[in-house]
Every structure is written in C-alpha cells, then in structure tokens.
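Notes follow once the structure below has been shown.
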Amino acid sequence: MAAADCGEVYPTLWGFSPALDLQMKCLQNTLQHLSTPEDIPELNILLVGCGDGRHLLKTICQARRWPQRRLNFFIIESDLELLARQILFLTLALENPEQMGLQEKCDLFLELFGNSIVRSKTAAYLQHKCERFIKYVTDPEYQKSILPLLDMASLKHKERDDLENIFKFWQTSEAKLFPIERYWDVKNRQYLGRRYDSRKGAYDWDLNMKLQERGAAVIGGAEYNRWREGGVAFTIREGIYDVPNKTLASHMTVTHRYGKVQARGYWGDITTSPYIAYGIETEEKSLLKTFNGVHVKTAQDLSQYNITSMFHELMTGQKYTLPTADEDRGGERRVSFPFGSPAIPPTIHEEDESKEETNGDVADKKCDAPNYLQVDNVVIHLLPLSWVDGLHHKSKLLNLFNIVYFSCSMVHHLTIDYKLITARKATVIIELTKFMVDLHADKIKSYIDIITKVAQEAGFATTEDIDWKRDYIATFERTDDREEEAV
C-alpha cells in the first residue's frame, strides 16, 4: 500500500494472510529439482515484503516434518524497522528453555507482535535484548558467534547504522518519545472522519460484513473492538498494559508546511488486525468448534495455541497437542510423534503468573547468557531494500531461488528480471488482498486479475484457478518449464 502524497509503502507490521509452512505450499515439481550439494538438498527461499516474519518462523519450526533439507532464506523488506522486528522475533523464538519457559515466550511474542502497549516486564525484556542487538549490527564476528544462522553480511554500513539507531530507540525507557495512544487516536480519527463518534458501529460493520464474511469468523467482536479502539490485540496475562511498544514505530515521509520531512510515528494497520497471521487457522480443529453458530474460542486463543505449538516443535521436534482433562490435573502434557522420534525428550516449564512477576529480576539475569537454541541447516540472509529491483545483477543469485514469496504490498516489484534469479520449476507465491478491510469485493476480485497479468508478464503462470472468496495466496510456476513438459 502506498502512503498518500509520498509514494511510499506503509510498513507491514503483520501480514494480511495466515502464516505458511513454505515447504507445504511449495510445488512438488519444485522439490524434485532441488540442487544437492553435500548430499543434502538445498531449498532457497526469497521473501519479499513478508513484514512480520511469520512464514519464516513457521517454516523453520516445522522443518523436521519434512525430509532433511538445507533451508536458505533471503529477506527483503520495505523498512529497516521490519528487519529489526524479525531479528527480535527470531531471537525470542530461539530463547533457550532453561532461560525462558514456553508460556512466557509465547506471551512475550504476542505482546510485542500485536500490542500497541505492553506490560513493563515485556518492555524490560525488549530493552535488555537491544543491548545485544546493537552488538550484532556493530560487531559481525560477535553476531556470528552468538547467532550463526543469521547472515547480515549483505547489509551496507549505513543500514547497519540505521539498525543500531532503531535498537537504541527501542532501548530508551522514555514513553513520551513514542506516544502510541495519541498516534493511534489521531490515525483513527483521520480514517473514520465523521464516523468517529459512531465508531463502534463502524468496527462491527468491518468485522461482520468483511473479515468474518471472508473467512475470519473466529475473530470475536470484543477482541476486535478492543484492538480497533486502542491497538491492544492480546491480553493473555493479567497485568497493567501501559508501556508503548516501540517496535511498532517507523519513519514515513510526510508533507509539512516547510516541505517533506521524515516523521516517526505509527504508520501501520488499524483495520485488519494482527489476528490474521496466527489467529484464524489451526491444526487443532477442536479450537474451531462453534456453539449456536458462535465460535467457542477466540482469535487470541488460536494465536496463543499456534505460537505455543510452533515454539514447542522448534525446541523438541515433536508436534504439540492440547492436554486432556486428566493430563491437565496430573500436570503432564500429551505429545504425539507423527514425524519420527525427537532427538531430545522435552522438558517444558510453564510459569505461574504470580511467580513470574515476583521473580522478574531473576528472569532478567537469566537472559544475560547468550545461549540460543541451535538450528541446523538453516541460514537467514538479510538483504538491502535497494536490491529489490536489482537481484538479477548479483551473479551468485542467478537461477538460485526455488520459492519466491511476494506480499501484496510489494508485488509491484515482480518483473521479468525475477525469472533470471529463479531456479528450474520454481514456485512463486503471491499474497492476495482477501483480508484487507479497506478494499471492497470488486477490488479484491480485480486484484487477482492484476497479479495474474503481472506474473504472466514476468514469466510465471498460475497453477490453478484462484477463488477470491477461498484463497488468500496464489501460486505460480515458471511458464518455460511447463512448455518443456508439453514438448
């Protein structure tokens, strides 16, 4: 989405489609033509404008469900703040269970991911981690020794300096530097205009007639209204939410009476919500039950389960399932093993809220030791935004990518040049605008025609009919490969 009067793209703080395991969405033809250096197939994935890193995290967390492959991720974002948030979410997911329990990790993640204001404990965690993040961008050798799966070698010195400034801003405790509640209210007033005084009705219309009608029926009215009113999506823990979430801050060029200036503020979504990423789909079908046509569980419940499941699977290699009533009383968690035996039996410690709050200082001290979970066969390359239209000029990237993902806000960068960097039988995935509240149905339908034409002109053809009511992504393959098969 372009910002008014400046041609810029609004930061995608959370996506407009659910998190994907990209190995599941990859075409079988793609997987059959992977290169195999050192006897381990390599799957090279380019993510353009993913924003929140949801596809990255889900693919990594569920990697042991699939045959062993080396996963190489390449990430380009519209804003450095989005890269900074992905570094935060990645390190949070990799926190060692001896330093942070599963429940605490899930709670911190959801707060930082989708809340405009957070608890003081969450803010303290962020400030503490920023000291290490600053070292990552200023000392490459230190970063490689602590977090070897992250490769920032392609980032320029200026981008490293900008990332350092972002982390220093996050590290400050001054709430007045980012008055998110005021920013949110101003943006809400500008968006609603004369409807502001009857905004509750506007919220209900957007939820019932748009989001729920398009497949997000699990989002409840109370949680959606709470988020639309003040930007707080997740209130999993009882506590005081009063500290601005500085990770939501970004810069935008705005028109001032003295000319165009860079202004820091909140420029993200205020209509669709963070629930789409993790809160409308789940493998645990019992969470989707309805009673008298109303969902028993909320989007917050699904988000909490999905994040817990992902982090549990990352840590243990085992698929997470809900405990039965008997196991709840016995204090044991039932775990299924559908994908082979895990390397290490898990020990999951889920903290009691009162104990957590009283022992906050102890938890902070545990974070001092940089001891992240080790993930084999995964490398994440952070790329400069300036490369988005020039990747084909990098010889090492030619014919490399097996999967290319475009968000709906960045798909305008898809050109014929991208065919030069895709491998044989490559899969291209494009996010659709199904859950964009601002768009009417006719615009969503026409968007499908637009991206189909863009993909065709770039040398990619759709693999199946796209249904705007059903689909939130569209999958394409290289047309020359299809022609070879026809011959």
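The values are calculated or read from the model by the stated rules, or taken from the named source; none is laboratory data. Since the structure is predicted, the reported quantities are computational estimates derived from the model, not experimental observations. Virtual Cβ from ideal backbone geometry, glycine too; neighbours counted across all protein chains shown. Surface areas here come from the heavy atoms of the whole protein model, side chains and all, with no ligands, DNA or RNA. Shrake-Rupley method; radii C 1.70, N 1.55, O 1.52, S 1.80 Å.
Side notes on the structure shown:
- Positive-end ranking of Val261, Ala153, Leu322 along the dipole of the chain, with charges on Cβ about the Cα centre, is headed by Val261.
- A simple count of charges around Leu92, restricted to other residues whose Cβ falls under 13 Å of its Cβ and scoring Lys, Arg +1 and Asp, Glu -1, yields -1.
- Computed on the chain, the Cα convex hull volume stands at 168 Å³ per residue.
- Relative contact order %, the stretch 88-211, counting alpha carbon pairs below 8 Å whose residues are six or more apart: 20 percent
- Net charge over other residues, Cβ less than 13 angstrom from the Cβ of Leu155 (K, R count +1; D, E count -1): -3
- Each residue of the stretch 177-190 is assigned a 3J(HN,Hα), and the resulting list reads 6, 9, x, 4, 5, 6, 4, 5, 5, 4, 5, 5, 5, 5 Hz, derived from the Karplus form 6.51 cos²θ - 1.76 cosθ + 1.60 (θ = phi - 60°), x at Gly and Pro.
- Karplus (6.51, -1.76, 1.60) ³J(HN,Hα), θ = phi - 60°, over the stretch 439-444, in Hz, Gly and Pro reported as x: 9, 7, 4, 5, 5, 5
- About the Cα centre, charge dipole magnitude for the chain (Lys/Arg +1, Asp/Glu -1 at Cβ), debye: 820 debye
- Excluding ligands, DNA and RNA, the accessible surface per residue across the chain is 44 Å² with a 1.4 Å probe.
- Expressed as a whole percent, the accessible surface of the chain that belongs to carbon and sulfur atoms is 50, based on a 1.4 Å probe.
- Between the amide H of Tyr472 and any residue lying 5 or more places away or on another chain, no distance stays under 5 Å, with hydrogens modeled in the peptide plane.
- Placing unit charges on each Cβ (+1 for Lys and Arg, -1 for Asp and Glu) gives the chain a dipole about its Cα centre, and among Leu439, Gly293, Val48 the Cα reaching farthest toward its positive end belongs to Leu439.
- Of the residues Thr255, Thr308, the one with the largest accessible area comes first in the ranking Thr255, Thr308, computed with a 1.4 Å probe on protein heavy atoms.
- Largest to smallest in accessible area, the residues Asp471, Asp161, Asp417, Asp52 fall in the order Asp161, Asp417, Asp471, Asp52 (1.4 Å probe, all protein chains included).
- Relative contact order [Cα under 8 Å, 6+ residues apart], the chain, whole percent: 24 percent
- One Cα centroid belongs to the stretch 65-108, the other to the stretch 140-187; the line between them spans 15 Å.
- For the stretch 148-219, the dipole from Cβ point charges (+1 on Lys and Arg, -1 on Asp and Glu) about the Cα centre works out to 360 debye, to the nearest 20.
- Take Arg226: with every protein chain present and a 1.4 Å probe, its accessible area is about 80 Å².
- For GluC sites (Glu not before Pro), the sites in the stretch 1-104 that DSSP calls loop and that have at most 16 other Cβ atoms within 10 Å are Glu98.
- Local net charge near Leu287, Cβ-Cβ under 12 Å (Lys/Arg +1, Asp/Glu -1): -1
- Integer Hz, Karplus 6.51/-1.76/1.60 couplings in order for the stretch 222-230, x for Gly and Pro: 5, 6, 5, 5, 4, 5, 4, 6, x
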